[in-house]
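Take a look at the structure set out below.
The values are calculated or read from the model by the stated rules, or taken from the named source; none is laboratory data. Bear in mind that the values here come from a model prediction, so they are computed numbers and not experimental data. Here the Cβ positions follow ideal geometry from the backbone for every residue, glycine too, while neighbour counts run over all protein chains shown.
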Amino acid sequence: MSYRPPMSNGQLVQIPGYPVVTQTVAYTGTAAASSAFSTTTAMVRLRATTDCFIRFSTAGTAAAATDAFLPASETQDFAVRPSDRVSAIQSAANGTLYVSEFRLNAN
């Protein structure tokens, strides 16, 4: 990870390196999970084609309609632990979750 110059309040803004791998997870009314993230992954960027619910876990625990909501076509970044997985389930329609992994040090 690298850092941008400080914001006006003096805080540094962390900038991810480049994406190392992108996974696709096809979800339906039944949850589907990604593969385990790389041991160097520190952040993932998620984007879904339809509204869905997501859950992060080390075991690939299935997402449920009570988990975090990810709106369609919105990109969100999440800090993760290496070897975590993300699971997704539809809100109303089948879709695809794009999961881009970013490494700890992009050298």
Restricting attention to the range 50-67, report how many residues are surrounded by 12 or more Cβ atoms within 10 Å (Cβ to Cβ), among the hydrophobic types (A, V, I, L, M, F, W, C) and more than 19 Å from ASN94 (Cβ to Cβ). 1
Can you tell me how many residues in the range 65-78 are more than 18 Å from GLY29 (Cβ to Cβ), in a loop (DSSP other than H, G, I, E, B) and of a type in the set (Asp, Glu)? 1
Could you figure out which of (1) assigned to a loop (DSSP other than H, G, I, E, B); (2) closer than 14 Å to TYR27 by Cα isn't true of ARG81? (2)
Please list, ordered by residue number, the strands (runs of 3 or more DSSP E) wholly in the range 1-64 having 1 or more residues that are modelled with pLDDT under 80. 2-4, 13-15
Scanning the range 79-100 residue by residue, those at pLDDT 95 or above, surrounded by 14 or more Cβ atoms within 10 Å (Cβ to Cβ) and of a type outside the set (S, T, N, Q) turn out to be ASP84, ARG85, VAL86, ALA88, ILE89, GLY95, LEU97, TYR98, VAL99
